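These notes are about the structure you will find just below.
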Amino acid sequence: MSETIIILTEEPLTAVDVENISDLYSPEDDIELVLLVPADTKRNLFVDVVDQLTMLDLPGVLRELREKPSVESVRAEADEILAASLSVLSTTGVKVTGAVAEGDAVASLVAKVTELGASQAVVVTRPHAVADTFRQDWAHQAQRKLGLPVLHLYSGSGFIGDS
C-alpha cells in the first residue's frame, strides 16, 4: 500500500524544495506525492504590505498597493506554478499528481489529507512575517485542523518554519 504526502505550495517548487521533500521518505518506499496550488484571490492588503516591508522590499510594497490581480490572472499563475512544480517533482521517480485548489488553501489541504488518508502534509511558502509570528500561517492552521504535525518549508531554502 502506498503512502501519500500532500504538498501545498504558493511558489513554484525548486530543486532544493524537492530535495527537502525527498528526505521525508526512503527510495524504496512506495510513495505518492500530491501537489496542491491555491488559486485563492482573497488577500489581506495590510498583512501583505507588512510582509514586504519586513523583507525591505519597497518595490514589492508599491506593487501590493497598486495591483489587484484579476481572478483570471491568479488562476493562470496557479496553473503555471502547478506545471513548473510538477515538472521538478517528476525528477523524484515517484508517482506525482497535482491540482489547482479552489477556495481556501488550508481547507483544500485538510480535505485532501482526509480524502486520501495521507500520512504527511507539507506546506511550502515564502516567509510571511506577520502570519508566521502569530502562528496564523498555513502550516499552523492545517496542524490545528488535522491534529497532525505539518512540515512548513520556506521555498527555495533548507529552512523549516516553526509549526
All conditions in (1) modelled with pLDDT of 70 or more; (2) under 24 Å from residue 108 (Cβ atoms); (3) more than 15 Å from the chain's Cα centre (by Cα); (4) in a helix (DSSP H, G or I) are true of residue 68 except (4)
Considering only residues that are in contact (Cβ under 8 Å) with a residue 12 or more places away in the chain and charged (D, E, K, R), which ones fall in segment 9-33? 10, 11, 17, 29, 30, 32
May I ask you to list the residues in segment 8-23 that are among the β-branched types (Val, Ile, Thr) and in a loop (DSSP other than H, G, I, E, B)? 14
Across segment 90-100, the tally of residues that are out of contact with any Asp or Glu (no Cβ under 8 Å at 6 or more places or on another chain) and under 25 Å from residue 141 (Cα atoms) stands at 2
Go through the residues of segment 90-106 one by one and say whether even a single one is more than 17 Å from residue 24 (Cα to Cα), surrounded by fewer than 18 Cβ atoms within 10 Å (Cβ to Cβ) and free of Cβ contacts under 8 Å to residues at least 40 places away in the same chain. no
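The values are calculated or read from the model by the stated rules, or taken from the named source; none is laboratory data. Since the structure is predicted, the reported quantities are computational estimates derived from the model, not experimental observations. Here Cβ is always computed from backbone atoms with ideal geometry, including for glycine, and neighbour counts include all displayed protein chains.
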